[in-house]
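Structure first, commentary second.
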Amino acid sequence: MDLERYWQAVLRQDRETLRSFFHPDAWVNWHNTGERFTVEEFIRANCEYPGEWEGELERVEKTGSLIITAARVFSREQGLSFHVTSFLREREGKIAALDEYWGDDGPGARRRYYAITDEGRRRWAEGRQEWENTRALLDALTSAEED
């Protein structure tokens, strides 16, 4: 199965190409919203979703008839960005079942900057000295056993 082509069909909202990837009695679950679709319902939901979309397939893993994909999907005009993890069950070269988990990338957390304080420097020096003392003791003990 050509997963790059599948994801391009999803992003282009291409009904006919999407339909060609699915087994006729396949089903789709969107677990984040609790929705379950037939193939035709999934294609309708995907193709009628507003906006123009772009994206990239970031990872594919396959084990037996299970294919796992991770993709980034983003809106051209609205600045929205999502990651989707998809679990595809393959039968006869087609998607027989699709479970998807969508997550909103949202704005990233504000970057935080830290600086070590004088107290932190003092504690680090004490800890380092304790380590050096312990190491010296262990070195002396192990070299005494070797003699």
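The values are calculated or read from the model by the stated rules, or taken from the named source; none is laboratory data. Note that the coordinates shown come from a computational prediction; the quantities given were computed from them, not determined experimentally. Note that we place each Cβ from the backbone using ideal geometry, even for glycine, and neighbour counts take in every protein chain shown.
Laid out as a table, the results:
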item: Tally, over region 104-147, of residues that are among the hydroxyl-bearing types (Ser, Thr, Tyr) and either touching a helix residue (DSSP H, G or I) at 6+ places or on another chain (Cβ under 8 Å) or modelled with pLDDT of 90 or more (or both); result: 2
item: Residue ID - nearest to Glu90 (Cα to Cα), chosen from residues in region 37-65 that are surrounded by 12 or more Cβ atoms within 10 Å (Cβ to Cβ) and basic (Lys, Arg); result: Lys62
item: Cβ-Cβ under 7 Å pairs, at least 6 apart or on other chains, region 119-134 side of a type outside the set (A, V, I, L, M), far side surrounded by 10 or more Cβ atoms within 10 Å (Cβ to Cβ) and in a helix (DSSP H, G or I); result: none
item: Filtered residue count, region 66-103, keeping only those that are modelled with pLDDT under 90 and outside any strand (DSSP E or B); result: 5
item: In region 78-103, residue surrounded by the fewest Cβ atoms within 10 Å (Cβ to Cβ) [restricted to those that are more than 20 Å from the chain's Cα centre (by Cα) and in contact (Cβ under 8 Å) with a residue 40 or more places away in the chain]; result: Glu92
item: Total residues in region 114-147, condition outside any loop (DSSP other than H, G, I, E, B), among the small types (Gly, Ala, Ser) and within 43 Å of the chain's Cα centre (by Cα); result: 3
item: Residues (outside any loop (DSSP other than H, G, I, E, B) and either among the hydrophobic types (A, V, I, L, M, F, W, C) or in contact with a Ser or Thr (Cβ under 6 Å, 6 or more places away or on another chain) (or both)) located in region 1-34; result: Leu3, Trp7, Ala9, Val10, Leu11, Leu18, Phe21, Phe22, Ala26, Trp27, Val28, Trp30
